[in-house]
Amino acid sequence: MRLRSYFLVASLLIAAPALAQAPKFAPWGVDLSAADSTVKPGDDFWAFVNGGWDKRTQIAPDRTFVGIDSVLNDQIDKDVRAIIEAKAANPQASGRLGQQIGDFYGSWMDTATIERLGTAPLQPYLARIEGVGNKAQLATLFGSTGFASPINPYIQPGNDDPTHYEVNLYQGGISMPGRDYYLLTGEKYDKFRAAYRAYVTDIQKLAGIPDAEAKAARIVALETAIAKIHWTPEQSRDAKATNNPMRLRFPLLSTKRGSISFPRPFATSRRSATAGSAASTWSTDRWVRASASSTSTPTTRPRATGRWAN
């Protein structure tokens, strides 16, 4: 969803002229009242510089943070909304791309039709999930648009060679913010887990899925098992440990805990980066990171590489 939002904003910038609005600047200078002179800078420099501001500033009930970022985000939201609503008001006059933006926004905001349709638009997706009967079909589903996967792909410049882009795979499969929400003990995390299980139950009931409570328990149990084999945030930030380039060979990874044939998702969603390769085995019990990078020279054949960490 976030990536789609980036593409939408980029499209808006292309489709619409810049807003004719004078830039806004706050008064220049240093606000000494934001500091806290009772704190020694060597003990806590952030509190020394911002302690006064921190004490008098409240986070709004509907926000998780406050600061210049929230001010800029609010203004960006207002500007983008104004552009989109203008496209939706007269989509035919906005060109092909503008009409697509206006129509998409209009369909999103058509709550009457959404309520009338109910869960009917979900049924093809639920039917595909229900039809999965083996690992190969599951791997194919993971690579299909509209379905979540325990292995999440993203693209970025290569760690060793930023002139190449890499398709990376990162650990996924959980819905709460991180593994700690599933594994840490104490009342705080017990409440998180109880609230999440209730949420999963309610979502299934709203979708008309039978036996929602029992299925929610199995879903949470599966995500907990996945969380146990996730790397910690500290491990995932280790640039050296997560940088293990290798050429794709088949089978690629296999462990005692099991393996899964995994070129299928990539062949399903896009042409496989390793054309001509029949199969590849990706371990599901380790943090896996793969990359397929190619030079910017069109005549150069793509170079398939992978990364993993045990």
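Any read-out appearing in this document is the output of simple, stated calculations on the displayed coordinates, not a laboratory observation. No experiment lies behind these values; they were computed from the predicted model shown. Neighbour counts are summed over all protein chains in view; Cβ atoms, including those assigned to glycine, are modelled from backbone coordinates with ideal geometry.
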Listed by chain and number, the residues whose amide H is under 5 Å from that of Glu166, excluding neighbours fewer than 5 places away on the same chain and using placed H, are Gln156, Gly158
List residues of the stretch 115-144, by number, whose backbone nitrogen lies under 17 Å from a label position 7 Å along Cα→C-beta of Leu222. 125-144
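Among Ser149, Ser94, which comes first, second and so on when ranked by fewest other beta-carbon atoms within 10 Å? Write out the running numbers ahead of the final one.
Working: Ser149 17, Ser94 20.
With the sparsest Cβ surroundings first, the list reads Ser149, Ser94.
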Expressed in nm to one decimal, what extension gain is obtained for the pair Thr185 and Asp110 from 0.36 nm per residue of sequence separation less their Cα-Cα distance? 22.7 nm
Val49-Ala82 pseudo-label distance in nm [points 7 Å out on the Cα-to-Cβ vector]: 3.2
Under a straight-distance cross-link criterion of Cα-Cα below 30 Å, which lysines are reachable from Lys55, leaving out those fewer than 8 residues away in the same chain? Lys24, Lys40, Lys78, Lys188, Lys191
Hey, what do the phi angles of the stretch 215-229 turn into as Karplus ³J(HN,Hα) couplings, whole Hz, using 6.51/-1.76/1.60 and θ = phi - 60°, x for Gly and Pro? 5, 4, 4, 5, 5, 5, 5, 5, 5, 5, 5, 5, 4, 5, 9
HN-Hα couplings for the stretch 58-68 via Karplus (6.51, -1.76, 1.60; θ = phi - 60°), in whole Hz with x for Gly/Pro, come out as 9, 7, 4, x, 9, 10, 10, 7, 8, x, 4
Mind sorting His164, His230 by how few other Cβ atoms lie within 10 Å of their own Cβ, fewest first? His164, His230
In whole Hz, with x marking every Gly and Pro, tabulate ³J(HN,Hα) for the stretch 31-46 from phi via Karplus 6.51 cos²θ - 1.76 cosθ + 1.60, θ = phi - 60°. 8, 5, 5, 6, 7, 10, 5, 7, 9, 6, x, x, 7, 7, 5, 4
Would you kindly state how much longer the chain becomes between Asp62 and Arg197 on full extension, computed as 0.36 nm times their sequence separation minus their alpha carbon distance, in nm to one decimal? 46.3 nm
Between Glu213 and Ala120, the two model label points (7 Å from Cα along the beta-carbon direction) sit apart by a distance in nm of 3.2
At a 10 Å Cβ-Cβ cut-off, how would you order Arg197, Arg237, Arg179, fewest neighbours first? Arg237, Arg197, Arg179
Sort the following peptides by mean Cβ neighbour count (other Cβ atoms within 10 Å, averaged over residues), highest first: 61-68, 72-79. 72-79, 61-68
